[in-house]
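A short worksheet on the structure shown next.
Derivation of every value follows stated rules applied to the coordinates shown; laboratory data play no part. In this text the structure is predicted, and so the values were computed from the model without any measurement. Cβ placement follows ideal geometry from the backbone for every residue including glycine, while neighbour counts extend to all protein chains displayed.
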Amino acid sequence: MGIITSRADYSVKFSVVTPELRASESGELIRLHGKAVSVLITPLDGADADVVEVTTEAERKTPSHRLRACLHVWWQQLGKNGSFSHFYDDQMERLITFVKTKLQ
């Protein structure tokens, strides 16, 4: 039995339980740990018409949008000290300075 939970950010967290797998099959799953993957879930007792494709924002976000979202979560985890706009500008300046040090 698996678990499905909706989260505050409107994402869905789910776990699945597989039937017994051979060592090679479970090894393949374990090698995927920490990697971005796509998953196809099809009902065994439903018609093909029941299959729904779900795309996520993460697939559509640009790298700059993803970085901004990460910085926002970091700002929240640090206690939301000051405005996010100021935090964002400060962190971006730090990143730009870091990259500039790598230029020849």
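Put +1 on the Cβ of every Lys and Arg and -1 on every Asp and Glu Cβ in segment 58-102; which of S64, L78, T97 then has its Cα farthest towards the positive end of the dipole?
S64
Shape call for segment 58-102 from the C-alpha gyration tensor, a ≥ b ≥ c root eigenvalues: rounded (a/c under 1.5), prolate (a/b greater than b/c) or oblate? Present the calculation step by step, with values, prior to reporting the outcome.
On the way: a/c = 2.41, a/b = 1.06, b/c = 2.28.
Here segment 58-102 falls in the oblate category.
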